[in-house]
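Since the structure comes first, as structure tokens, the remarks are kept for the end.
Quick note: the coordinates plus some simple rules give every number you see, no bench work behind them. Keep in mind it's a predicted model, so treat the numbers as computed, not measured. Glycine also receives a Cβ, built like all others from the backbone with ideal geometry; neighbour counts cover every protein chain displayed.
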Amino acid sequence: MRVVSQLLLGGVAGLALAGGAKAADLPMTKAAPVEYVRVCSLHGAGFFYIPGSDTCIKIGGRVRAEYRYLEPLWNTPGDGRENDATGFRAVGRLNVDARTATDWGTLRAFVQVDVFADTGVYNAQPGPAGDSTDVVLDKAYIQWAGITAGRATSFFDFYANDLNFGAGALGSLGSDLTVNLLAYTATFGNGFSATIALEDRSAHTLNGVTYAQAGQRMPDVVANLRLDQDWGSAQLAGALHQLNSVDIGAGLGGVGFGSGPLGSRVGTEYGYAIQAGVQVNLPMLAPGDTLWLQAAYADGAISYLGVYDDFNIGPVSGLVSEGVIVNGDIKKTKGWGATAALLHYWTPSIRQALFGNYTSLDYSAATLQQDFKVWTVGSNVIWSPVSAFDIGLEVIYQKLDVDRDLAAPVIVKRSEDIWEARLRLQREF
């Protein structure tokens, strides 16, 4: 028995030695280091380090489904029958925010892309409109050491449709533009900052049909003073805007360039806009409550009032212009507007916004243009059954009144009552 045990132990030892020898003959490889995603708390929630880099990145977006009713509108009797009254919209948004800490402050790159699929009333009128898909580079900018370069929200804007879904068929709830720009912002502490910006003129221009715009000679110059504190924010902004006509002798629409008494000489004027706004937090009513107030005046720069060239209603159809040509001179359009908006949380998951605006435009020169006024009032109620998911309904009423109509036929309407409703479902991520 003792002999058998010795033989078994010797066999096991021999196998172990043989196995060890074979393993020693195999080439040895070192395991590659594993890169784990690390949370980056330096720039706020949602950021993580790009593996192998000191740059933090945040990826987000949203999906929106929206359904709109807009009362069919007409310029002359009967032509409203071809306009759509309803429409569907689907929007997909993706944004990427990359930030790196440097000795000169944070280096930031931000990109936001929206993809729209629209039908019916969301498309240009008259209808019936088909199905359209558009990809929009909403924002793409770099920020570093106070510099902002690329495509971003205009530094003139303040309220910028913060609470309302839509701005109504006639717009006018305040300037809300994304433009190509180059800006510098200086911060002074205690929430004070000042910005000077060069913004592309094309986003701020309204030609209409009585103003033959010449090529861009200079961008708009925009500046603001801003205060951000725990109680809210305040801003004072101004803009300088160049108006130049390719043919101040041609008159209406630039027809027959060079045919007027002044030939093809280009005329130039300078318009401006100023705006003041305040946003006040109202936690004494409910957490999250806020009030917005702003007012603006424009002389030759009416797009800064939120009045854009897509007006297509009644007596102002296609006729909105920042200036007109009269006797060889560029006569600037003047206007002003005021906006108020209130957000109230009835419960932590149910909130309601009330908003209103008054805008008035004055073509002081005796032209075919019509002075007009627009009243806008609206409200929406939003339910958030779970975090980052909203279901909302909004109703807007607008009233258009035309003060004078020097040349339009009698059949053209001089006032309009406009009703609009939107149902929206939106998921943020």
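Which entries of K139/K332; K139/K334; K332/K373; K139/K399 have Cα-Cα distances beyond 24 Å here? Correct reply: K139/K332; K139/K334; K139/K399. Count the net charge of all other residues whose Cβ sits under 10 Å from the Cβ of R68, scoring Lys and Arg as +1 and Asp and Glu as -1. That works out to -2. Length gained on full extension, D228 to T268: 10.6 nm, using 0.36 nm per residue less the C-alpha separation. Placing pseudo-labels 7 Å out from each Cα toward the beta carbon at I196 and L94 gives an inter-label distance of 3.9 nm. The distance between label points at A338 and W383 comes to 3.6 nm (points 7 Å beyond Cα on the Cα→Cβ vector). Rounded to the nearest 0.05, the FRET efficiency derived from the C-beta distance between A117 and N327 at R0 = 45 Å is 0.40. Here the peptides 218-231, 103-116 are ranked by packing, the mean other Cβ count within 10 Å, and the order with the highest first is 218-231, 103-116.
Each label point was placed 7 Å from the Cα along the Cα-to-Cβ direction; for T187 and E428 their separation is 2.2 nm.
What the phi angles of the stretch 282-289 give under the Karplus curve with 6.51, -1.76 and 1.60, with θ = phi - 60°, is a coupling list of 10, x, 5, 7, 6, x, x, 5 Hz, glycine and proline written as x.
Each Lys or Arg adds one and each Asp or Glu takes one away; over the other residues whose Cβ falls under 10 Å from the Cβ of T153, this sums to -1. A simple packing score, the average count of other Cβ atoms within 10 Å per residue, orders the peptides 166-175, 272-281 as 166-175, 272-281, with the highest score first. Can you figure out the FRET efficiency of T133 with L236, using R₀ = 41 Å and their beta-carbon distance, to the nearest 0.05? Efficiency, rounded to the nearest 0.05: 0.55. Taking other residues whose beta carbon is less than 9 angstrom from the beta carbon of I396, and scoring Lys, Arg as +1 and Asp, Glu as -1, yields -1.
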